[in-house]
Structure formats: C-alpha cells, structure tokens
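Read the structure below first, then the notes.
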Amino acid sequence: MSSARRTLLLIGIGAGDPDYLTLQAIKALNRADVFFIQDKGQDKQALRHLRTEICERFIERDQYRLVPFDYPTRAKEFSDYKANVASWHGEIEAIYARLLRDELQDGQCGAFLIWGDPSLYDSTLRIIEALHRKSEIAFDYEIIPGITAVQALAAQHRIALNAIGEPVHITTGRKLSAQQPLGGESVVVMLDGEQAFTRIDPEVEIFWGAYLGTKEQLLIAGKLGEVADKIASTREAARHSNGWIMDSYLLRRPR
C-alpha cells in the first residue's frame with residue numbers, strides 16, 4: 001500500500017495586520033506540520049518575524065516545525081525582463097523541491113505563509129504549479145485566500161476602488177510607466193519601485209499607502225500635483241529607515 005501523499009497549503013496571511021487572518025487561514029495553520037519561512041535578508045527580518053508571530057499567536061498545538069530558507073534575489077541587471085524572472089523562478093523552484101523532498105514526509109502537511117493573497121502578484125503559486133506538473137515529488141496543494149494590499153488600501157483610505165459602473169485596472173509601476181492606462185477607470189498600482197506616479201497627469205487623484213496594516217503604516221491622498229513630491233520623499237525616508245518598503249496606490253480622475 002502506498003503512503004499518503006504530502007499536502008502543501010499556500011495560506012494568505014493578509015497585508016500586515018495579524019487580525020487580517022481569516023478563520024479559514026487559522027484552521028489551515030492548525031493543520032500544518034511544517035512551515036517554510038522565507039528569509040529575505042537582514043533588511044526584511046520584520047516580514048519573517050511577522051510570520052513567526054502569526055504561528056505563535058494562532059496555532060494551538062506544539063507539534064509543528066519552522067523551516068527557514070534563504071530566498072534568492074532577482075538579478076538587477078538584465079536585458080529581458082521575462083527571461084530574468086523565469087531564471088529567478090527556476091532558482092526558487094529548485095529550493096521548493098528540496099524543501100518538499102527533505103523536510104516534508106509522506107502524509108505530512110506543509111505550508112507557505114503568503115503575504116496578502118497567493119493569487120495577486122506573488123510568485124509562489126506559479127512555482128508550486130510548475131513543480132506539481134513535473135510530478136517528481138507527489139503532493140497535493142490547496143490555496144487559502146487572504147486579505148490583499150488592495151483591499152487594505154481601500155479600507156484604510158475609506159474609499160471604494162471603482163467609480164459607479166466603471167472598471168478597476170490592477171497593474172505594476174513598470175506597466176504604468178509604459179502604458180499609462182488611465183481613462184475613466186480606476187487604476188491600482190503595485191510593485192512601483194520607479195515611482196511612476198510622478199509622471200502622471202498632476203490633476204489625477206492618488207490614494208497611497210505603505211506598510212498597510214502594520215504599526216509603520218503610512219497614508220497620503222490628494223491630487224498628484226499637490227502630493228507627489230511628498231509621497232516620493234516619504235517613501236524614500238521610510239525605505240531608508242526600515243530597509244524595505246511595500247506600498248501600493250489607487251489613481252483616478254477626480255469625480
């Protein structure tokens with residue numbers, strides 16, 4: 001008789017506040033035997049500490065293990081963005097394969113704690129899908145959705161994302177710089193290390209937030225012509241002070 005398969009849980013843990021965890025996520029935490037904890041270097045220790053804090057707060061038993069692993073960084077110099085990302089994902093996939101093979105036994109349940117939600121601008125789900133298709137290691141996996149930075153941003157600014165009857169476009173700073181897709185729709189921008197908002201029509205409204213749901217949370221809103229410089233300087237000071245920054249924002253035409 002063959003052994004039970006390994007199970008892997010991708011648990012969305014919200015945008016920074018442990019209270020963002022759903023009841024489903026807490027139940028999933030209490031199913032896992034092993035938690036794979038990303039270590040992204042000294043500058044981002046706060047992200048690792050949040051994950052361990054969540055385990056200590058919500059897991060009601062002692063029989064679980066935390067397995068930290070070094071998370072590779074993506075090359076900063078490249079000529080082909082997608083090829084660069086594919087190479088980076090290949091490195092991560094090899095690490096995940098090793099973790100599943102060496103740290104998770106047949107019949108056990110492992111978990112990755114995903115910042116925000118696994119479905120939105122996070123590479124873990126795609127990498128796990130690729131690993132699962134190769135069938136080199138037999139495992140099942142489940143997705144537990146979480147509160148995204150987009151939801152947290154809207155809640156903290158007390159706004160609806162969309163105008164009545166209008167769509168919402170979610171994109172990255174890189175794409176915003178290239179396309180600037182801002183007609184009647186609202187545009188949510190994530191992963192904007194280039195501060196592309198500084199090159200948008202100054203009459204457009206921005207609702208910006210960083211470290212959403214944490215004690216370091218920062219919020220600024222107004223017309224770009226009035227607040228863009230303030231956001232840029234605040235963002236740079238916070239990144240320098242904390243060693244990292246996670247921010248997002250909503251752009252829309254004034255109503």
**Asked** Based on what the data block shows, is residue 89 assigned to a helix (DSSP H, G or I), within 17 Å of the chain's Cα centre (by Cα) and without any contact (Cβ under 8 Å) to a residue 12 or more places away in the chain?
**Response** no
**Message:** If I filter the stretch 185-202 for residues that are in contact (Cβ under 8 Å) with a residue 40 or more places away in the chain, of a type in the set (A, V, I, L, M, F, W, C) and over 27 Å from residue 46 (Cβ atoms), do I get at least one hit?
**Reply:** yes
**Message:** I'm trying to understand the selection: among the residues of the stretch 190-225, which are touching a Pro at 6+ places or on another chain (Cβ under 6 Å) and among the charged types (D, E, K, R)?
**Reply:** 205
**Request:** Have a look at 137, 170, 200 and point out the one that is β-branched (Val, Ile, Thr), out of contact with any Asp or Glu (no Cβ under 9 Å at 6 or more places or on another chain), farther than 24 Å from residue 88 by Cα and modelled with pLDDT under 95.
**Result:** 200
**Asked** Tally time: how many residues in the stretch 3-35 are among the hydrophobic types (A, V, I, L, M, F, W, C), in contact (Cβ under 8 Å) with a residue 24 or more places away in the chain and surrounded by fewer than 18 Cβ atoms within 10 Å (Cβ to Cβ)?
**Response** 2
**Item:** Top-ranked residue in the stretch 50-82 [being loosely packed, with under 11 Cβ neighbours inside 10 Å and assigned to a helix (DSSP H, G or I); ranked as farthest from the chain's Cα centre (by Cα)]
**Value:** 56
**Request:** For the stretch 166-182, state whether one or more residues are in contact with a His (Cβ under 7 Å, 6 or more places away or on another chain) and under 30 Å from residue 23 (Cα atoms).
**Result:** no
**Prompt:** Can you name the number of the only condition in (1) in contact (Cβ under 8 Å) with a residue 12 or more places away in the chain; (2) assigned to a loop (DSSP other than H, G, I, E, B); (3) open to solvent by 30 Å² or more (accessible area, probe 1.4 Å) that residue 212 fails?
**Reply:** (3)
**Prompt:** So, in the stretch 120-156, of the ones that are among the small types (Gly, Ala, Ser) and touching a residue at least 40 places away in the same chain (Cβ under 8 Å), which residue ends up most open to solvent (accessible area, probe 1.4 Å)?
**Reply:** 138
**Prompt:** Can you find even one residue in the stretch 216-239 that is in a loop (DSSP other than H, G, I, E, B), surrounded by fewer than 20 Cβ atoms within 10 Å (Cβ to Cβ) and either modelled with pLDDT of 90 or more or out of contact with any Gly (no Cβ under 9 Å at 6 or more places or on another chain) (or both)?
**Reply:** yes
**Asked** Out of the stretch 191-209, which residues are buried (at least 16 other Cβ atoms within 10 Å of the Cβ) and in a helix (DSSP H, G or I)?
**Response** 196, 197
**Request:** Among what's in the stretch 104-147 and is part of a loop (DSSP other than H, G, I, E, B), among the hydroxyl-bearing types (Ser, Thr, Tyr) and in contact with a strand residue (DSSP E or B) (Cβ under 9 Å, 6 or more places away or on another chain), pick the residue that is nearest to residue 59 (Cα to Cα).
**Result:** 119
**Request:** Kindly indicate whether residue 56 is over 26 Å from residue 129 (Cα atoms) and either modelled with pLDDT of 85 or more or not charged (D, E, K, R) (or both).
**Result:** yes
**Item:** Residue that is in contact (Cβ under 8 Å) with a residue 12 or more places away in the chain, touching a helix residue (DSSP H, G or I) at 6+ places or on another chain (Cβ under 9 Å), outside any strand (DSSP E or B) and crowded, with 17+ Cβ neighbours inside 10 Å, where the choices are 245, 159
**Value:** 245
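The values are calculated or read from the model by the stated rules, or taken from the named source; none is laboratory data. Remember, it's a predicted structure, so these values are computed and weren't measured experimentally. Methodologically, a virtual Cβ is constructed for each residue, glycine included, from the backbone with ideal geometry; neighbour enumeration extends over all protein chains shown. Areas reflect the complete protein model, heavy atoms only, side chains present, ligands, DNA and RNA absent. Shrake-Rupley method; radii C 1.70, N 1.55, O 1.52, S 1.80 Å.
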